[in-house]
1. So which helices of the chain fit the span-like rule, where a helix is a whole DSSP H run, its Cα atoms reach 18 Å or more along the axis, and its mean Kyte-Doolittle is at least 0.5?
2. Comparing VAL91, VAL249, VAL41, which has the greatest mean-square fluctuation in the GNM of the chain with Cα pairs linked when under 10 Å apart?
3. Any of LYS25/LYS166; LYS161/LYS238; LYS213/LYS309; LYS161/LYS219 with alpha carbons more than 27 Å apart? Name them for me.
4. Express the accessible area of segment 219-259 per residue in Å², computed with a 1.4 Å probe while the remaining protein chains stay in the model.
5. With a 10 Å cut-off between alpha carbons and a GNM built on the chain, which of PRO196, PRO38, PRO248 moves the most?
6. Among SER30, SER42, SER97, which one moves the most in a GNM of the chain with springs linking Cα atoms closer than 10 Å?
7. Quick one: what Rg and Dmax do you get for the chain from the alpha carbons, in Å?
8. Within the chain, what whole-number % of the accessible surface is contributed by carbon and sulfur, with the 1.4 Å probe and all protein chains included in the calculation?
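The values are calculated or read from the model by the stated rules, or taken from the named source; none is laboratory data. Values in this document were obtained by computation on a predicted structure and should not be read as measured data. What goes into the accessible areas is simple: the full protein's heavy atoms, side chains included, and nothing from ligands, DNA or RNA. Shrake-Rupley method; radii C 1.70, N 1.55, O 1.52, S 1.80 Å.
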Amino acid sequence: MDKVPMSAIIGTVRQGLERDSSWVKVAKRSLRGIGPQPGSVSPIAVKRRQAFEAAAMSDYSTAAELISEAVATSKVSKEQGWLLEQQAAYVDHYDPSEAQTLLTSARGKNGHTTRPISGVSYTRLNGADQQATRASANLVGMYGSPAALRLGVEAIFEDLKFDPQKTDEFEVAMLMLGHVLGLGSQRPEQDMGQGPDNLWALGDNKFWVIEAKTGAVSKFIAKRDVGQLGQSMAWFAKRYDEAAIATPVMVHSQTQLFKDATAPYGMRLLTAQNLARLVTAVRSYSEALASLLVWNNPADIERLLAGHKLKAGDLAGYLVMPKES
């Protein structure tokens, strides 16, 4: 099968979204004569509707049981977390303690669900996982086809930008980028309400503790931002053993520290220029992955990571030291 340039795919999508007249004509011609097909409703949607109707009659235990059945049906972790959050809302009417337990389970599967009152227990990243093996598993789970992979990676790049209005999107993109590269990847602050914006496990018990300051507009790196990175390093030290090696990393458009700012020991910066270099390398890597068609052979992934200089040991090349005032 011939490779289709990403620009061509994006151009076709744009034609449809913008209702280009030539595209509309072709679409209507292609659809002419196609009869309506029977619709379908997912079993999970049916259970949720039944649960809502039961709750409307104040039968909260039945509503909770129906959502529990929906959770058992789902095979997607984030969806399971979303459903568990709904189950907790019903259970809270008759067993608030159990509702909090359900919220804890929900939060473990989906970091965007409501935090339980007692907080969330932290699950440490495995610092010894092999990058290529983890990348293989992640890619197989995240993307069902080469086209989906290329579009998915491009969507990540769309949010890897310095924009004060899209700081949360940037952190999500960093999370996903870590997964694509086969790194352990978390958003502790989002998931737990404390810790760094992003945490990457590079293997060999090495980690990046990342604070993303893509919304900063000052000409210097502020004392407050540096202090936050120091606090995140302290958070890491409490949760990982002494053998773990953590590099404090700040994503910032500037390299100059403000005169009253003291950098944590070993602090490094990911600047806009170096982020662009990283994006270029990952784009080439994703195109090579797409040409493989499948990603279940870690040896293939290992070869591509090495060839595009994206092995964990290469990533430090995208970081620079801050400049003291």
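1. Long hydrophobic helices here: 60-73, 146-159, 167-180.
2. The residue that fluctuates most here is VAL41.
3. Too far apart for the 27 Å limit: LYS25/LYS166; LYS161/LYS238.
4. Accessible surface, normalised per residue, equals 54 Å².
5. Among PRO196, PRO38, PRO248, the largest GNM mean-square fluctuation belongs to PRO38.
6. SER30
7. 23.1, 72
8. Solvent-exposed carbon and sulfur of the chain make up 54 percent of the total.
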